[in-house]
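Before any comments, here is the structure.
The values are calculated or read from the model by the stated rules, or taken from the named source; none is laboratory data. This structure is a prediction, so every number in the text was calculated from the model and none was measured. In this analysis, Cβ positions are derived from the backbone assuming ideal geometry, glycine residues included, and neighbour counts consider all displayed protein chains. For accessibility, only protein heavy atoms count, side chains too; no ligands or nucleic acids. Shrake-Rupley method; radii C 1.70, N 1.55, O 1.52, S 1.80 Å.
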Amino acid sequence: MDFLALFIIYLLLVLASVVLVCIYSGRKQRFPARGLSCITQVSSFVIPRQLQRAIQRVLHRLFHTRSCLFIVLHLALQVAVYGEYTWEVFGYCKEMEFSIHYLLLPYLLLAVNMGFFILCSVTNPGTITQSNQESFLKAYAYDGVMFQKSTTCPTCNVEKPARSKHCSVCNNCVHRFDHHCVWVNNCIGAFNTRFFLIYLFTLTAMAANLAIITAAFLIQVVLLSNIMLGSYIDDQGQEHAVEILFLIQHLFLTFPRIVFMLGFVIVLSLVLGAYCCFTLYLALTNQTSNEWYKSRRYECSCCQALQPHDRHIVYRNVYSQGVWVNLKEIFKPPTSSEKKKTT
């Protein structure tokens with residue numbers, strides 16, 4: 001039996017062990033937590049302890065400390081995609097007499113995206129310190145549910161303003177904290193959310209634009225070659241009309257890097273598009289990712305059942321003041337008592 005077969009059997013045994021441990025583990029835990037606990041338990045038996053510790057150190061370094069690794073990865077992916085686009089797609093499309101303005105649009109989007117990427121990375125998101133906490137305390141009213149008055153951060157030793165949160169990665173409290181983004185190696189807070197939105201939208205537009213141009217090029221190749229009107233002979237000697245799967249295989253063998261890049265940017269466009277819609281929804285409703293996640297607890301029936309019947313908490317977003325005002329707040333974040341009163 002070869003190594004690959006042994007490895008597959010090994011993986012199947014590990015998966016079966018995970019399933020069995022999950023079935024017989026404590027059922028009072030929620031499924032995600034129970035599943036993670038099960039995987040941890042099983043991995044402790046099949047993975048050497050030294051390797052476990054090394055993996056834990058690497059994961060902690062990547063996701064719990066500030067690191068430039070994801071910035072390097074981000075730039076490397078852009079270089080790889082744009083290198084392939086410039087080296088092959090751009091030249092082929094120019095020979096097919098595609099509009100030069102259409103072909104140069106991805107480079108314009110790249111320039112805009114990189115500018116806002118830098119702004120998002122270097123801009124102070126709204127770090128709260130002893131010297132500036134007074135202005136942040138007056139920016140937003142406390143809703144009494146998610147944000148309580150007179151709460152002190154035990155790490156920063158400052159009074160926490162409404163809508164703020166302590167970031168364990170940056171080790172700072174951040175005004176209107178949204179999330180910590182590893183791709184820009186910075187927190188997304190009150191003062192760089194506007195940069196992050198434009199960065200995200202231009203990144204999505206870049207991926208979609210590259211996907212459209214590359215797909216248009218391949219479609220043009222298919223139309224000019226009349227391959228769909230032809231036929232092929234399979235391994236058994238039987239003749240078949242050209243089908244989609246055969247066409248994709250033919251294109252992949254002819255233009256492997258281009259087809260691979262197309263698949264990558266299509267998947268990236270879909271993922272980023274979905275995230276853009278979610279981010280836009282948060283902006284229009286004046287919520288942060290942190291607030292949206294916390295609000296799920298108060299809407300979850302399971303969480304409500306755990307509370308006494310006389311202490312059920314109903315959360316209401318008191319910070320939303322209409323679409324226009326909400327968007328205006330993104331681009332001009334409040335820091336003082338000039339902020340509108342919320343009740």
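Per-residue answers, yes or no, for (1) open to solvent by less than 70 Å² (accessible area, probe 1.4 Å); (2) modelled with pLDDT of 70 or more; (3) closer than 30 Å to ALA215 by Cβ:
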position: GLU239; (1), (2), (3): no, no, yes
position: LEU245; (1), (2), (3): no, yes, yes
position: ILE266; (1), (2), (3): no, yes, yes
position: SER269; (1), (2), (3): yes, yes, yes
position: GLY273; (1), (2), (3): yes, yes, yes
position: THR285; (1), (2), (3): yes, yes, no
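Which condition number does PHE90 fail, the rest of (1) of a type outside the set (D, E, K, R); (2) in contact with a Cys (Cβ under 9 Å, 6 or more places away or on another chain); (3) surrounded by 17 or more Cβ atoms within 10 Å (Cβ to Cβ) being met?
With (1) of a type outside the set (D, E, K, R); (2) in contact with a Cys (Cβ under 9 Å, 6 or more places away or on another chain); (3) surrounded by 17 or more Cβ atoms within 10 Å (Cβ to Cβ) applied to PHE90, the lone miss is (2).
Write out, first by first residue and then by second, each pair whose Cβ atoms fall under 6 Å of each other, whose residues are 6+ apart or on separate chains, and whose first residue, in the range 262-278, is closer than 11 Å to ALA205 by Cα while the second is of a type in the set (S, T, N, Q).
LEU272/THR204; GLY273/THR204; CYS276/THR204
Within the range 133-140, does at least one residue satisfy the condition of being free of Cβ contacts under 8 Å to residues at least 40 places away in the same chain, under 29 Å from the mean Cα position of the chain (by Cα) and open to solvent by 30 Å² or more (accessible area, probe 1.4 Å)?
There is no residue in the range 133-140 that is free of Cβ contacts under 8 Å to residues at least 40 places away in the same chain, under 29 Å from the mean Cα position of the chain (by Cα) and open to solvent by 30 Å² or more (accessible area, probe 1.4 Å).
Residues in the range 148-159: is at least one open to solvent by less than 50 Å² (accessible area, probe 1.4 Å), polar (S, T, N, Q) and either farther than 19 Å from LYS332 by Cα or at pLDDT below 90 (or both)? Explain how you work it out, then say what you get.
Pass one, the range 148-159, residues open to solvent by less than 50 Å² (accessible area, probe 1.4 Å): 153, 156, 158.
From what is left, the residues that are polar (S, T, N, Q) are none.
No, because not a single residue in the range 148-159 is open to solvent by less than 50 Å² (accessible area, probe 1.4 Å), polar (S, T, N, Q) and either farther than 19 Å from LYS332 by Cα or at pLDDT below 90 (or both).
Open to solvent by 20 Å² or more (accessible area, probe 1.4 Å), at pLDDT below 80, part of a helix (DSSP H, G or I) and out of contact with any Phe, Trp or Tyr (no Cβ under 8 Å at 6 or more places or on another chain): does that describe CYS277?
no
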